[in-house]
Amino acid sequence: MTEQPKYTAGFRDRLFDKDPFPLAIWYPAELPETPVRHMGVASSAARNAPFAGGGAFPIVMFSHGSEGHRFNQFWLAEYLARRGYIVAAPQHEGDNYLDASDARQLTIIERRPREMRLALDLLFDHAEIASHIDPDRIYALGHSAGGATVLKLAGWDFDAKAWQSYCALNADSDKVICQYAPTDDHIDRLHATNGGPVVSEYDPRISAVIAITPAFGVAATDDGLVDLSVPMLFVEAETDEILHDHVNAAHFRNLLRGRAKFVKVKGAGHYSFLPQCTPYIAENFGYLCRDFGRNRDDIHRVVEQVVGRFLDQISRNR
């Protein structure tokens, strides 16, 4: 039996008059949805509709993958909005599809969680939206580099020295992670500012996190993960053709030792969590369209169910 959503999916883009970065939100609404397009992909939402009654609602702060955009997981955001969640997605400066000047570099590792915190601050300062947010149910979700971002918000001390050491031995076999590995100057700067080679960006407001195919597991250590105490869900691809599993999702699983829930999605690759491909994307960026034996829509439905159940359980227990 198909689950009937309680709400329609409201949608607003570029929420603030003077954006520090583009930010989109999806939220529970009651007006009918109409056709919308996100980066050329067709969907439906109630654009600029009022919020539904019955709030305040839990909020999910979303962080996109490297060189992505705020609409990367709009399909999941719409699903959650119809279930009674607000989803807010900033587009990360210097690490998006228009400007990748800082992608996969230490500067963006530091900047991304700060942008997430700023986005949340701005939402709580927004005259109309703030009253609809439940301050006791604030969650964070991210894909790939976004997965690493939300784990830092939850208390992961990202160890740049471990990243450097890994790449000293694996630069040729792991170019995605090692292309911009930190230098000794970077490590010295972190020691000077943070007292060690770590990037610590903890936000105590975040009470649960979801990391989809998280990147930069090479910077995870026992000491760096010791303070992670919120509920955590990791969603893995069965065939991650971009990130080496043993130093990313599997490495987190080994270090966390049962402190997080891990779900591996059959037939999924690293980019299976992006929207369906348009003909333009398929022709010009075909690698983004590759799945591994399963229809992308089916993959998305699995992820929706897994994420929805996890968040519903967390929300009920708050």
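The values are calculated or read from the model by the stated rules, or taken from the named source; none is laboratory data. Small disclaimer: the values here were computed from a predicted structure and weren't measured. A quick note on method: Cβ atoms are made from the backbone with ideal geometry, for glycine too, and the neighbour counts reach across all protein chains shown. For the accessible areas, the whole protein counts, side chains as well, though only heavy atoms, and no ligand, DNA or RNA atoms are used. Shrake-Rupley method; radii C 1.70, N 1.55, O 1.52, S 1.80 Å.
Estimated from helical segments only, the mean residue ellipticity of the chain at 222 nm is -9500 deg cm²/dmol, where each DSSP H run of four or more residues counts as -39500 (n - 2.57).
Only one residue of Leu233, Asn248, Ala220 has its Cα farthest out toward the positive end of the dipole of segment 207-252, where Lys and Arg carry +1 and Asp and Glu -1 on Cβ, and that residue is Leu233. Determine the sum of side-chain charges near Asp102: Lys and Arg each +1, Asp and Glu each -1, restricted to other residues whose C-beta is under 9 angstrom from that of Asp102. Local charge sum for Asp102: -1. For the chain, the dipole from Cβ point charges (+1 on Lys and Arg, -1 on Asp and Glu) about the Cα centre works out to 920 debye, to the nearest 20.
Beyond 17 Å, how much of the Cα-Cα pair distribution for segment 69-146 remains, as a whole percent?
On the way: 1539 of 3003 pairs.
Value for segment 69-146: 51 percent of Cα pairs lie more than 17 Å apart.
Charge tally around Asp297: other residues with Cβ under 13 Å, Lys/Arg +1 each, Asp/Glu -1 each, net 0. Only protein heavy atoms count here; under a 1.4 Å probe, His92 has an accessible surface of about 0 Å².
Compared with the dominant principal axis of the Cα atoms in the chain, helix 184-194 is inclined by about 60°.
With all projection directions averaged, the alpha carbon convex hull of segment 25-169 covers 9.5 nm². Distance from the alpha carbon centroid of segment 153-212 to that of segment 254-272 works out to 20 angstrom. For a straight C-alpha distance cut-off of 20 angstrom, the lysines reachable from Lys161 (same-chain residues fewer than eight places away being disregarded) are Lys152, Lys175. Highest-first packing order for the peptide set 273-279, 130-136, 216-222 is 216-222, 273-279, 130-136, based on the mean count of other beta carbon atoms within 10 Å. Of the accessible area of the chain, computed with a 1.4 Å probe over protein heavy atoms only, carbon and sulfur atoms account for 49 percent.
Axis of helix 160-170 versus longest Cα principal axis of the chain: the two differ by about 70°, to the nearest ten degrees.
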